[in-house]
Amino acid sequence: MADIIKLLPDHVANQIAAGEVVQRPASVVKELLENAIDAGANAIMLIVRDGGKALIQVVDDGLGMSATDARLSFERHATSKIQKAEDLFSLNTKGFRGEALASIAAIAHVEMQTKPEDAELGTVLKIEGSKIISQEVCATVKGTSMAVKNLFFNIPARRNFLKSNQVELRHITDEFHRVALAHPNIVFHFHNNGSEIFNLPKSNQRQRIVNVFGSKANQKLVPVEEDTQVVKISGFINKPEFSKKSRGEQFFFVNNRFIKSPYLHHAVVAAFEGIIKPDTYPGYFLYLEVDPASIDINIHPTKTEVKFDDEHTLYAILRSTIKHSLGQFNVVPALDFEQDQNLETPYAFKDKEAQLPGVAVDAGFNPFQQKVGNSGSAYRKDGHAVNKSWEGLYTGLESEIGKEVSFTSMQFESDTITGSVFAEQKESLESTSTTFQLRRKYIVTTIKSGMIVIDQSRAHQRVLYEKFLKNITVNEAVSQQLLFPLSLSFSKADRVILEEIKESLNTIGFVFGKMDAETVEIKGVPLLVSESEVGMVLDQLISDCQMEVTDDSFSQTDILSKTLAKTLSVKTGEILESASQIALVNDLFACKESLVSPFNKPIYITITENDIDKKFI
Ligand code: ADP
Ligand code: MG
């Protein structure tokens, strides 16, 4: 039989390798940024067009390359970073595989300009799909510029698989965050479609975090510092009250390289145990320095996973370091003079003495924000209790929140200003049906065959969800003009998402005014949203949209409606007067789907007379 095994031609091998290295435009961004850092750049500029599909360009002022190196850098397994296998154990660079440029050049149009400091002239090189188109000398400055155009031009399947420009941009921004946070001593610029979205001066770790995430970030940070023989830890954790229901703002850097580590994440979460609500995640920016010989970053092609020699020790040190920082922070609360747009959420009531809400001493006082606990004013004009941030969801827990609820209910019983959310239907229904509320959680009502028990919160979620969905699709939402427009600040990344969902937000009644680098003006809000809730509602919408990366407009609408329904619905623990109960029941059964909540949870159960009879046997 004739021999049939052949070596693959280089460009085919490169294309195959590219499948691993380059998943999407963000992977190219990561590789190019890392190369610039490895080249010792002091300033790096990232330029992106159309979510990276049209152009990704990285310009650095690093070492540059000679004409020969410029040519060689596109060969597979060509690297200046390691020479022998042992070098892998003392790695100080991001790259070492020597396959990024070869892979990128196999699936895109690449133009490189580069010049080392000591050369008179530089090199300009063009490659398309692994084929060198031209190589010439040129006059240029020290450093390297890599422009990658038309990514996946020769692999239509991959190109079609890419998401919308906004979604790809979001992935790119994530990569940019990781690199920029790891290297505060490097200047970064980031331009998207001609406008600058980041301009990060050289700074310390804390300033870099604030420059990336916006001035709001500053007041959240608690420093972390530890130096042991195994590891040196520095960085910040977010104060417990800022922990979020969604992931995000969780960063580990090992020797200035961003890594993912579920194990170390667990160590941090364990340190927060008992002081943050279940199902919320603390934010952190932790920089670990370890002996390069004690880690193996070779185990994953995209290199965000790391194998540590002594994970258990690292876990223990990390956990106790964080606990220590949290303890310190409790003793010495940070003084914050900046206004806080978030609702302050006390997290350790058990150890604190009861305090009256003190406006006079509250530096973060915001006149548009209603405080938890002022139940007198905590009712919206439509009579619906303003939901108490996300606490409402935790009313089942034995905690300060539980107390909070009974406090409110005391007020309730003394002055029964429990207007109706569903006021319109009040008259017609009151006299005909009987309902009662069970444990401020269920509405019980009779039906011909027996009775039904309805989860009030889920029922209201369903009603609101269908209402918002309809508003968005038929575009008939009513919005209330704010007398004084609100101005809220968002991080750059949040701004990107906000821009993306702005149109849908308009259709449900948000009216936006001026938007500048730091702040967004809000001139109108949907009828159902009160002024004090706007910040919270938008934060929640943004983080929900962030979690569910999506670009088709239907699922965006769906996420928005779900989030609004969840945020604005009546919660467990809230008392509903009987007209509200009746109206809710009727609204529920007028829904297209009344069996399950928007989150697919059962809304009600029925108990027939027969069921009851059986119990009496
Ligand atoms: P690796 O980074 O793993 O070495 P790459 O394919 O990313 O592999 O790059 C190949 C080589 O090209 C690098 O080892 C480096 O010598 C050179 N190189 C790439 N980008 C730059 C840059 N921006 N400045 C200077 N040299 C670069
Ligand atoms: Mg590289």
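Charge dipole (Cα centre; +1 on Lys/Arg Cβ, -1 on Asp/Glu Cβ; no other charges) of region 447-606 amounts to roughly 540 debye. Model label sites at Arg49 and Phe436, defined 7 Å from Cα along the beta-carbon direction, differ in position by 7.1 nm.
Using the Cβ-Cβ distance between Ile133 and Ala316 with R0 = 60 Å, the FRET efficiency computed as 1/(1 + (r/R0)^6) comes to roughly 0.60. Name all residues of region 1-28 having a backbone nitrogen under 18 Å from the label point set 7 Å from the Cα of His77 along its Cα→Cβ direction, giving them as ranges. Only 6-21 pass the distance filter.
Sorted from longest to shortest, the spans of the Cα atoms of region 184-323 along the three principal axes equal 47, 36, 26 Å.
Could you give the length gained by full extension between Ile4 and Asp87, i.e. 0.36 nm per residue of separation minus their alpha carbon distance, to one decimal place?
Working: separation 83, 0.36 × 83 = 29.88 nm, distance 3.71 nm.
Length gained between Ile4 and Asp87: 26.2 nm.
Please give the contour-minus-distance gain from Asp174 to Thr473: 0.36 nm per residue of separation, less the Cα-Cα distance, rounded to one decimal in nm.
On the way: separation 299, 0.36 × 299 = 107.64 nm, distance 3.11 nm.
Extra length available between Asp174 and Thr473 comes to 104.5 nm.
Going highest first, how would you order 213-223, 556-566, 586-596, 257-267 by mean Cβ packing within 10 Å?
Details: 213-223: 19.0, 556-566: 21.3, 586-596: 14.1, 257-267: 17.0.
Per-residue mean Cβ counts within 10 Å order the peptides as 556-566, 213-223, 257-267, 586-596.
Near Gly98: Cβ cut-off under 10 Å, other residues only, Lys/Arg at +1 and Asp/Glu at -1. The net charge is +1. Projecting the Cα atoms of Ser195, Gln207, Leu181 onto the dipole axis of region 160-217, where Lys and Arg carry +1 and Asp and Glu carry -1 at the beta carbon, places Gln207 farthest toward the positive end.
Cα convex hull of region 90-192: mean projected area in nm², to one decimal?
Details: hull surface 35.0 nm².
Seen from a random direction, the Cα hull of region 90-192 projects 8.7 nm² on average.
Please give the FRET efficiency for Glu521 paired with Asn204, using the beta carbon to beta carbon distance and R0 = 45 Å, rounded to the nearest 0.05.
Details: r = 32 Å, r/R0 = 0.70.
The pair Glu521/Asn204 has a calculated efficiency of 0.90.
Each peptide in 115-121, 239-245 was scored by the mean count of other Cβ atoms within 10 Å over its residues; highest first, the order is 239-245, 115-121. Restricting attention to region 429-548, the count of lysine pairs at 8 or more positions apart or across chains with alpha carbons under 29 Å apart stands at 15. What does the net charge come to around Phe188 if you take all other residues with beta carbon closer than 14 Å to its beta carbon, with K and R at +1 and D and E at -1? Value of the local net charge: 0. Our estimate of slack between Asp118 and Glu289, defined as 0.36 nm per intervening residue step minus the Cα-Cα distance, is 58.2 nm.
Rule-based calculations on the coordinates, nothing more; no lab input. Remember, it's a predicted structure, so these values are computed and weren't measured experimentally. With ideal geometry, Cβ positions are generated from the backbone for all residues, glycine too; neighbour counts draw on all protein chains shown.
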